[in-house]
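What follows is a single structure, written as structure tokens, with notes after it.
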Amino acid sequence: MPAGPPSCPQSRSAGNVVVAFAAGLLSFLSPCVLPLIPSYVGFLTGMTVEEVERRRGTAFLHAVWFVAGFSLVFVLLGAGASAVGNLLRDYQVWLGRAGGVLLILFGLYLLGILRPAFLMRERRASDRFWAAFSPSRRRRRGWGGGWCCWPCTRWGSRCRSC
């Protein structure tokens, strides 16, 4: 019987899915996350606790739109990063060197030796942008949250042997 290709450690077997689900559930129930849920729901829906209790359907709809926007970012950026990574595979050595130079520049910035003006300004979205009443704004919040969290979660969990 011929030997097949080496399997990826992140293959989708039923056991891996169960372990991943259990890990997600445990992290959600952790003392660092669980107490934040009421304030998170309030931020997400723009409602008080009493309003959420009376209008559960609306709160659920806002949460669904938020998750849809967040998920869309992960899917699009994941597929895009894989495509770009395959295109740039031949330039891996030079990209590593450029990343090293960038890391040195960031270190100089943190030491206070290098202070570019464009990094010394603060920019914020207006309160009107973050108004909490429409599902489309929920989707935009999910989109924004996905952009913020994606690099931390994607690069740390990349399967190097696939």
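Report the normalised scattering of the stretch 46-85 as log10 I(q)/I(0) at q = 0.30 Å⁻¹, calculated by the Debye formula with identical scatterers on the alpha carbons. Treating every Cα as an identical point scatterer, log10 I(q)/I(0) equals -0.90.
Residues whose amide H falls under 5 Å from that of Leu114, counting only those 5 or more places apart or on a different chain, are Tyr109, with hydrogens built in the peptide plane. Here the Karplus relation 6.51 cos²θ - 1.76 cosθ + 1.60, evaluated at θ = phi - 60°, turns the backbone of the stretch 32-47 into coupling constants of 7, 9, 4, x, 7, 4, x, 5, 5, 5, x, 5, 5, 9, x, 10 Hz, with x for every Gly and Pro.
Computed from the coordinates by the stated procedures, all read-outs in this text should not be read as laboratory data. Bear in mind the structure is a predicted one, so any value in this text is a computation, not a measurement.
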